[in-house]
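Engineer: Mind having a look at this structure? Questions to follow.
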Ligand code: IDC
């Protein structure tokens, strides 16, 4: 009896509270799905599925839709866990894109097969709610530079093993590398850089200026001015600009020592007052000792410092900037014999389908002793081509995020190779934003780069 009374009292209290506060507030929901067939061939097709959350932030999501024709099948998907049961397709958020803020998008996609017709899917739902929303494209972008990466972080410097912002707090920059400017300059216009800054929310543009292969050496003045104009375009959008003196063949950077001095004296003087410039003095030294690279660095860095004393400089490492690993060495040769200069970092590059656990082990160890910057990496093999290695890329990016190591992905271009983020034919056009223009690598990279930065401001 007593127990019954207590229960009654509890019910009464609950009822009382309910009348006091009214029914519980329900979460706002809503979503939009942009579905685009990016290519189609005999019996097969590739589709981009851009999912935008128009409701409250979610910490997990499942997209469902119906394939109207019985012959339509999902063969392989990316950027979500894909499954099909009868005509119902399910795509669920994975480790790196499970959380979806209000207004945030995921670019997923799949390769499908079909037998009869290939009609557009129907009945898209996100977490059970029909996706009928439309994005208000007329919302103006944030004004002023307060909200941009450069606006928030200001002039960067190295503190300990980290890249730090104006509040002396470690930050990670995430962005994209251009392809060779001598081949792909049509990929870097106002439209494409708007997409990189606003849709990709990139913090960083790496400007890859090849020295050989029809690059800088053929027209020093022309390439210098091209680099400067890209620095300005990045600055106008609040992005950092990484000026990459893209040496590759020959591998000894000393071969280009005089060119490097001329080039860096010029760009450092011209851009000294800017807060958004970082200098990368040698892309990938190869077939050359650490001692020779260090000697090169100790001649080029003073030239930069004389003109632009406070900018961060990044030094390439042995074995195609593998910290020596690809040459059978490792980071200890640098730890024991560092470049004599302040405010510098060391380059590490990887290609996810070629470089795996042993390279990751080196980076996690080396990052506790040396300031590292991944100025270039690919989701594919070191050739720059082949299939995207999702598992290895994800393992790499999780490691870099965890250690706050900045990175730029090769490449923001429409080159006909697996590493390119944009479908061939995109550059020079008017659409850099829809999921239709993204390759598999591009969709993966955009989903990683466009998540909030949460830069510390005190
Ligand atoms: C590759 C490009 C390819 C171009 C070649 C020319 O992807 O289109 O023909 O350069 O040399 C690097 C280099 C980078 C390479 C890239 C992929 O820094 O220049 O780009 N890579 O091979 N290091 C490892 C891989």
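Engineer: So what is the relative contact order for the chain, in percent, with contacts set as C-alpha pairs under 8 Å and at least six apart? Please list the in-between numbers first.
Structural biologist: Details: 955 pairs, mean separation 66.9, N = 458.
Relative contact order for the chain comes out at 15 percent.
Engineer: I would also like to ask the following. Taking neighbour Cβ counts within 10 Å as the exposure measure, how do 331, 376 sort from fewest upward?
Structural biologist: On the way: 331 23, 376 27.
Ranking 331, 376 by Cβ neighbours within 10 Å, fewest first, gives 331, 376.
Engineer: Next up: Rank the residues 321, 406 as a footprinting-exposure proxy: fewest other Cβ atoms within 10 Å of their Cβ go first. Intermediate values should be presented prior to the final figure.
Structural biologist: Working: 321 28, 406 25.
Result, fewest neighbours first: 406, 321.
Engineer: Still on this structure, I have one more. May I ask for the Kirkwood hydrodynamic radius of the chain, worked out over all distinct Cα pairs and given in angstroms to one decimal?
Structural biologist: Numbers: mean 1/r = 0.0421 Å⁻¹.
After inverting the pairwise mean of 1/r, the radius is 23.7 Å.
Engineer: Sorted from fewest to most neighbouring beta carbons within 10 Å, what does the list 320, 82 look like? Working shown, then result.
Structural biologist: Values: 320 24, 82 20.
Placing the least packed residue first, the sequence is 82, 320.
Engineer: Still on this structure: Measure nothing fancy, just the Cα-based angle from helix 2-21's long axis to the longest principal axis of the chain, in degrees from 0 to 90, nearest 10.
Structural biologist: So the helix axis and the longest Cα principal axis differ by about 60 degrees.
Engineer: Also, I was wondering about something else. Do you know the relative contact order of the stretch 278-367, to the nearest whole percent, from alpha carbon pairs under 8 angstrom that are 6+ apart? Mind dumping the intermediate values first?
Structural biologist: Working: 114 pairs, mean separation 28.3, N = 90.
Contact order relative to length: 31 percent.
Engineer: I would also like to ask the following. Roughly what angle does helix 290-307 make with the longest principal axis of the chain, taking Cα atoms, 0 to 90 degrees, to the nearest 10?
Structural biologist: Once rounded, the angle reads 90 degrees.
Engineer: Subtracting the Cα-Cα distance from 0.36 nm times the residue separation, let me have the gained length for residue 125 to residue 41 in nm, one decimal. Walk me through the intermediate numbers first.
Structural biologist: Working: separation 84, 0.36 × 84 = 30.24 nm, distance 2.76 nm.
The span from residue 125 to residue 41 would gain 27.5 nm if fully extended.
Engineer: Roughly how tilted is helix 440-449, in degrees to the nearest 10 and between 0 and 90, from the longest Cα axis of the chain?
Structural biologist: That works out to roughly 90 degrees.
Engineer: Here's another thing I want to ask about it. Want the number for residue 369 to residue 307: 0.36 nm per residue separation, take away the alpha-carbon distance, what's left?
Structural biologist: Values: separation 62, 0.36 × 62 = 22.32 nm, distance 2.88 nm.
Contour length minus the Cα-Cα distance gives 19.4 nm.
Taken together, the values in this text are just the output of simple stated rules run on the coordinates, not laboratory data. Keep in mind that this is a model prediction, so the values were computed, not measured. Ideal geometry is used to build each Cβ from the backbone, glycine not excepted, and the neighbour counts take in all protein chains shown.
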